[in-house]
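Some notes on the structure that comes next.
The values are calculated or read from the model by the stated rules, or taken from the named source; none is laboratory data. Predicted model only: the values in this text are computed from it and were never measured. Cβ placement follows ideal geometry from the backbone for every residue including glycine, while neighbour counts extend to all protein chains displayed.
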Amino acid sequence: MENLIALLIAAPLLGAAVLLCGGRRLDRVGHWLGTLLAAVSFVVGVVLFSDMLGKSGDGRTLHQHLFSWIPVEGFQADIAFQLDQLSMTFVLLITGVGTLIHIYSIGYMEHDERRRRFFGYLNLFLAAMLLLVLADNYLLLYMGWEGVGLASYLLIGFWQHKPSAATAAKKAFLVNRVGDMGLSIAIMLMFTTFGTFAFGPVLGSTGDATEGKLTAIGLMLLLAACGKSAQVPLQSWLGDAMEGPTPVSALIHAATMVTAGVYLITRSGAIFNAAPDAQLVVVVVGAVTLLFGAIVGCAKDDIKKALAGSTMSQIGYMILAAGLGPIGYVFAIMHLVTHGFFKAGLFLGAGSVMHGMNDEVDMRKYGGLRKYMPVTFVTFGLGYLAIIGFPGLSGFFSKDKIIEAAFAKGGTEGWILGAVTLLGAAITAFYMTRVMLLTFFGEKRWQPDEKGNAPHPHESPRSMTIPMILLAVGSVFAGGFFSIGDRFVHWLEPVTGYHHGEAPVSAATVTGATMVVLVLGVALAWLMYGRKPVPVTAPRGSLLTRAARRDLLQDDFNHVVLVRGGEHLTRSLVYVDHTLVDGVVNGTAASFGGLSGRLRKLQNGYARTYAVSMFGGTAVLIAATLLMRAV
Amino acid sequence: MNPVYYLYLASLLFTIGAAGVLIRRNAIVVFMCVELMLNACNLAFVTFSRLHGNLDGQIIAFFTMVVAAAEVVVGLAIIVSVFRSRHSASVDDASLMKL
Amino acid sequence: MSFPLLTATAVLPAVGAIATAAVPAARRSAAKWLALLFSLATLVLAAVVVVRFEPGGARYQLTESHAWISDFGVRYELGVDGIGVALLALTALLIPFVILAGWHDADPLEDVNPNRRWRPTQGFFALILMVEAMVILSFEATDVFLFYILFEAMLIPMYFLIGGFGDRAHAGGDEAAATQRSYAAVKFLLYNLVGGLIMLAAVIGLYVVAGSFSLSEIAEARASGSLSMATSTERWLFLGFFFAFAVKAPLWPLHTWLPNAMGESTAPVAVLITAVVDKVGTFAMLRFCLQLFPEASKWATPVILVLALISIVYGALLAVGQRDMKRLIAYASISHFGFIIMGIFAMTSQGQSGATLYMVNHGISTAALMLVAGFLITRRGSRLIADYGGVQKVAPVLAGTFLVGGLATLSLPGLSPFVSEFLVLVGTFSRYPVVGIIATIGIVLAALYVLVLYQRTMTGPVKAEVKGMPDLKVRELVVVAPLIALLLFLGVYPKPLTEIVNPAVEHTMSDVQQTDPKPEVEAAP
């Protein structure tokens, strides 16, 4: 059975290779081939899953050792896979959602002449992401980690002729590289501390290492997670990443890749459990991002950027939960899975809206679309209810558990975290209701553009609506299904460990409080956007609104300090290299030249001058001889 | 008579010759001054020969005379040919070798 | 006596050079094919060397030894260890691609009188083969004097390649370009000659102290205790050798010749400089500095590590600031050489294995990137990044290969440079954590200069001058595709290479009497 693990990765990898090297003759079948191979991977995943279910809780982990990758003395890196319950969860999510989004893309990218290549990149992404979650050591994980970064780079910049897309892609890769720096330092620290970086030995011997080392490793892993999962302070790339085609935003920048940070922290749970300081930082980062993303999401008029802010915020929830330790890991992953369903569904819905609206993204130019796109409206609406945590839907179960766990952290911290998560829930309800109202309710606000092309909103083709419907089903039922008899908790417990946290208030109180803030958020949004007509051009807004529209000025800070500063630094270094370093060299050469120029003048061609120097020389020699003799 | 006086005379003659070589521009005069220096050397050699009581110095003096004679032949020939081509016997005019 | 395989690998390209040079003026294409044939034959011989070499066997294998200048104890001594084999294979591998990539670089323009006995094409390929012969022999030399002669002699063909064959050098039209080119060539020559001169002094000094030029004899004498150098003598000699190698490598602040030389020469020659000739410098650090002067090497390590660190960050920052894409790649190479030197002097097995792999991988990746850049420059006739834009739209295959070359340069995992870079970083980190952490900044900067280069040239709206630019031709694909395949293969399965290199590194580690730092915790199995 374990030999199938490599097939999971091999299928999409083969697809990527064939589609990217195959050339134009594959244009007509490329998208089918890509989708087929993604589906193959999903089927293999399901086969492995059913096999795993047939085994008892502790014997479910599978290993496959392919070959030795980098063998140098004490440094032994292997190409080897490990499939346990945590990886399995990710495999099903990645291949399942991935396949749906492949199907969706067939319709969405129909008119793009480079559709074959798009599917090649999507397959490459699947392969890299599966490698990330299946690796059995950190170095191989790193390969997947950068692989998804590459796929993300290629897909964000898929419409390369747009300079904004190319810039966004570059930015995403660079910010992620900063995070990758953290991961590579973490691996180096593991190597010097444990002499290895395979999951088993490292996570199994955290008890013997000093807390300082573990804290350092934990913080570096967190840096990596911040980069990939768009957490403060490395969050700036996610908003710009929406330049990519919408299926990409759904798959990579909502459902799977951006949650890799949560996977990393959960996977390294043993390290974080032994390093409370690092855990605290994780929780703080999660809490800050949770609010940051939510606030940004409130102010954006671009539907995709509003959803991107929401993604950031929801991942903040997951990171926060993961930072809580064994009381939170399970719920972090559970929220990750449900989020994968509803956020992918929401993005696909947004894509469907854009598809019908001539690629318009400004929500102020939508309005009243529910009549024109009923299927999109219903699926998007279900996703909306799921994300705000409407009772009975997926988000309700997973988010509620995280809020409970936050309270259960205990002490002042627990109260603060609980309050933050509740506040986040309120803001989530607000901005998602805003998105919903602006898009599907109210008067229609679209107008013909300069060329006189008025959008004709229409429902999308079936290849697009079917994935949306399936994801909506997941958004509705996944949470409830996972929670029956704490199924999900028991499933993951052998890997992540679980410890039931006792909140200072009862679970019912927490749920009640959540409901109250939910209603408040929805009501506020209705007051602002539902009751009265929405202006087509955005009002100036308060200071906070304006700041939030600009990503809370974080980008401006980056621009001024890093980009401008960096430009000045490189420019002055180029100058230094030219004038100083090269100047010394050229100066040496010039001084030799000058010296010989002077000396040349001595050779004036007059015999008597030479005679004088001869006499002078002889005189000096004689004098020296006499002097030596005298001494 | 003290032979050292001859040495004084020789050095005096040599200095006069050297000064002439350095200062004068007429090639013929320079040439004569070179001869003067050679003869000053000869005088010194002969004096030393006398001082040490052997013939080595005198032999070298003969050598010098022979070489000087050869030099005169070649040198005068060069000077004459230079004078023919440039109508001047000034040594400063022959400075084509400089860079 | 067995067949002198090592001599043959060097003699073959040398014979090829003479044969190519002798081809009559009118038969240019025959000269090209002849050169290609000889380079391929050399590659075959190099493959035989790789196969015959036993990783677990003696330190130096396939040895040859003949008396040469017996009065001074100079011998013609050859032998290869794992490091030498790896670099020999790299050189033999790259030259056919260099020749193929430069197929038209030395064609005379149409208006040249065909009856003149002027043969730039023949000269170009003969010089390339000459460089190959000398570089290969220098990887094999185990006699210090023999090595020194080759180290200096390879400057001569390189000088003519840089100065004589710029982009359309023989057109002779652009006066300013010709001036720039001859400046670059002279700078290259002077820099390396000064380095060589100082090395010559050190070589003579070594002979005075040790009474021999033979690497093995000196090493034996040192091991048995019959030869002991005074600390200060050893340090001075070390500095003499190191200076020459640091110029060649090049290490900051002795680097400024490289951007000029690589910028002004044609892309294949630039590859020859950075991927082949410069490797002699770093190779010699491993073989001569560490083996002959272990104590002094350890003494100088802190300073060298700082210089390497400066090279890494400084080279990368300057690459970001370049407007000329060839100069950009040159500065990127300076940054990479910083990594190599850092790995060598970290004195851990990971660092040194990594540095050796780095030499090989950097050769392949820079060749891929530089040659594609060369194809691009030939099409548009400009080296300035700003003159391009949107190439991806008109020439997707060219852009794709350019991107892969770039990704290799920024050490993306899955491509071979990642393996070596990470080994170097880990090896450095385990002994000098701060140095290792600062060096990782280099990987962020590498991403910056590569992606900025790619964005400005390949993406965005298609510029008018770029419109109608043809995609890669078959010859060009034949050059690039194998290099990319090799990058991928060695990125996933570098074992064949590490198996050859590891034993050699163990020897070097025992030369400098260093062992790897032990991990703090004995990890559970």
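Within the option set C:Phe283, C:Phe339, C:Phe293, being in contact with a Phe, Trp or Tyr (Cβ under 9 Å, 6 or more places away or on another chain), among the hydrophobic types (A, V, I, L, M, F, W, C) and modelled with pLDDT under 90 holds for one residue only, C:Phe293. The set of residues from region A:268-304 being of a type outside the set (A, V, I, L, M), touching a Leu at 6+ places or on another chain (Cβ under 7 Å) and part of a helix (DSSP H, G or I) comprises A:Gly286, A:Phe292.
Here the condition is being over 26 Å from A:Leu13 (Cα atoms), crowded, with 20+ Cβ neighbours inside 10 Å and in contact with a Lys or Arg (Cβ under 8 Å, 6 or more places away or on another chain); of C:Ala447, C:Ala504, it holds for C:Ala504 alone.
As a summary of the residue check, A:His161 satisfies the conditions (1) free of Cβ contacts under 8 Å to residues at least 40 places away in the same chain; (2) touching a His at 6+ places or on another chain (Cβ under 8 Å) except for the one numbered (2).
Looking at A:Val560, A:Val581, just one residue is free of Cβ contacts under 8 Å to residues at least 12 places away in the same chain, within 13 Å of chain C (Cβ to nearest Cβ) and of a type in the set (Val, Ile, Thr), and that residue is A:Val581. The residues in region A:447-477 that are over 18 Å from A:Ser352 (Cα atoms) and in contact with a His (Cβ under 7 Å, 6 or more places away or on another chain) can be counted, and the count is 0.
Scanning region A:184-219 for residues that are buried (at least 24 other Cβ atoms within 10 Å of the Cβ), of a type in the set (Gly, Ala, Ser) and within 9 Å of another protein chain (Cβ to nearest Cβ) yields a single hit, A:Ser184.
Matching residues to (1) under 15 Å from A:Ala503 (Cβ atoms); (2) within 24 Å of the chain's Cα centre (by Cα):
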site	(1), (2)
A:Leu346	no, yes
A:Gly351	no, yes
A:Gly356	no, no
A:Ala386	no, yes
A:Ile416	yes, no
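With respect to (1) more than 11 Å from every other protein chain (Cβ to nearest Cβ); (2) over 30 Å from C:Gln322 (Cα atoms), the lone exception for A:Leu599 is condition (1). In a residue-by-residue description of region A:438-446, the property of being in a helix (DSSP H, G or I) and under 24 Å from the mean Cα position of the chain (by Cα) applies to no position.
For region A:170-183, the set of residues classified as at the interface with another protein chain (Cβ under 8 Å from one of its Cβ atoms) and either within 30 Å of C:Tyr388 (Cα to Cα) or modelled with pLDDT under 90 (or both) consists of A:Lys170, A:Phe173, A:Leu174, A:Arg177, A:Val178, listed by residue number.
Of all positions in region A:165-172, none carries a residue that is out of contact with any Pro (no Cβ under 8 Å at 6 or more places or on another chain), crowded, with 22+ Cβ neighbours inside 10 Å and among the polar types (S, T, N, Q).
Select from region C:455-501 the residues that are of a type in the set (A, V, I, L, M), assigned to a loop (DSSP other than H, G, I, E, B) and either within 11 Å of another protein chain (Cβ to nearest Cβ) or buried (at least 16 other Cβ atoms within 10 Å of the Cβ) (or both) and list them in ascending order. Of everything in region C:455-501, those that are of a type in the set (A, V, I, L, M), assigned to a loop (DSSP other than H, G, I, E, B) and either within 11 Å of another protein chain (Cβ to nearest Cβ) or buried (at least 16 other Cβ atoms within 10 Å of the Cβ) (or both) turn out to be C:Val462, C:Val466, C:Met469, C:Leu472.
Selection within region C:211-221: residues that are under 30 Å from the mean Cα position of the chain (by Cα) and touching a residue at least 12 places away in the same chain (Cβ under 8 Å). The member of this set that is surrounded by the most Cβ atoms within 10 Å (Cβ to Cβ) is C:Phe213. Cβ separations smaller than 6 Å between residues 6+ apart or across chains give the following pairs from region C:334-360 residues that are under 17 Å from C:Thr301 (Cα atoms) to residues that are in a helix (DSSP H, G or I) and among the charged types (D, E, K, R): C:Ala346/C:Arg431; C:Thr348/C:Arg431. Taking A:Leu222, is it away from chain C (no Cβ under 12 Å), at pLDDT 90 or above and within 23 Å of the chain's Cα centre (by Cα)? Taking the combined requirement at face value, the residue satisfies it. Residue selection: A:Leu92 satisfies the criterion of being modelled with pLDDT of 85 or more and part of a helix (DSSP H, G or I). One residue stands out in region C:209-266 among those that are of a type in the set (Val, Ile, Thr) and within 14 Å of chain A (Cβ to nearest Cβ): the one that is nearest to C:Ala67 (Cα to Cα), namely C:Val247.
Of the residues making up region C:316-351, those that are among the charged types (D, E, K, R) and within 12 Å of chain A (Cβ to nearest Cβ) are C:Arg323, C:Asp324, C:Arg327. Just checking, does region C:306-314 include any residue being away from every other protein chain (no Cβ under 14 Å), surrounded by fewer than 23 Cβ atoms within 10 Å (Cβ to Cβ) and of a type in the set (A, V, I, L, M)? Yes; the residues of region C:306-314 include at least one that is away from every other protein chain (no Cβ under 14 Å), surrounded by fewer than 23 Cβ atoms within 10 Å (Cβ to Cβ) and of a type in the set (A, V, I, L, M). Of everything listed in (1) out of contact with any His (no Cβ under 7 Å at 6 or more places or on another chain); (2) buried (at least 24 other Cβ atoms within 10 Å of the Cβ); (3) within 14 Å of chain A (Cβ to nearest Cβ); (4) in contact (Cβ under 8 Å) with a residue 60 or more places away in the chain, the single unmet condition for C:Val394 is (2). Give the residue that is surrounded by the fewest Cβ atoms within 10 Å (Cβ to Cβ), with candidates limited to residues of region A:138-158 that are more than 9 Å from chain C (Cβ to nearest Cβ) and among the hydrophobic types (A, V, I, L, M, F, W, C). That would be A:Phe158.
Flag: A:Leu264 matches the condition of being part of a helix (DSSP H, G or I) and farther than 15 Å from A:Val178 by Cα. Are any of the residues in region A:29-39 buried (at least 16 other Cβ atoms within 10 Å of the Cβ) and free of Cβ contacts under 8 Å to residues at least 40 places away in the same chain? The answer is no; no qualifying residue exists. Of the residues C:Thr256, C:Thr231, the single one that is in contact with a Pro (Cβ under 9 Å, 6 or more places away or on another chain), β-branched (Val, Ile, Thr) and closer than 22 Å to C:Ile304 by Cα is C:Thr256.
Here C:Leu384, C:Leu403 are screened, and the one residue that is within 14 Å of chain A (Cβ to nearest Cβ) and either in contact (Cβ under 8 Å) with a residue 60 or more places away in the chain or over 22 Å from C:Val280 (Cα atoms) (or both) is C:Leu403.
Of the numbered criteria (1) buried (at least 24 other Cβ atoms within 10 Å of the Cβ); (2) within 12 Å of another protein chain (Cβ to nearest Cβ); (3) in a helix (DSSP H, G or I), the one C:Pro413 fails is (3). For region A:47-78, a residue qualifies if it is away from every other protein chain (no Cβ under 13 Å), among the β-branched types (Val, Ile, Thr) and either farther than 26 Å from C:Pro519 by Cβ or out of contact with any strand residue (DSSP E or B) (no Cβ under 9 Å at 6 or more places or on another chain) (or both), and exactly one does: A:Val47.
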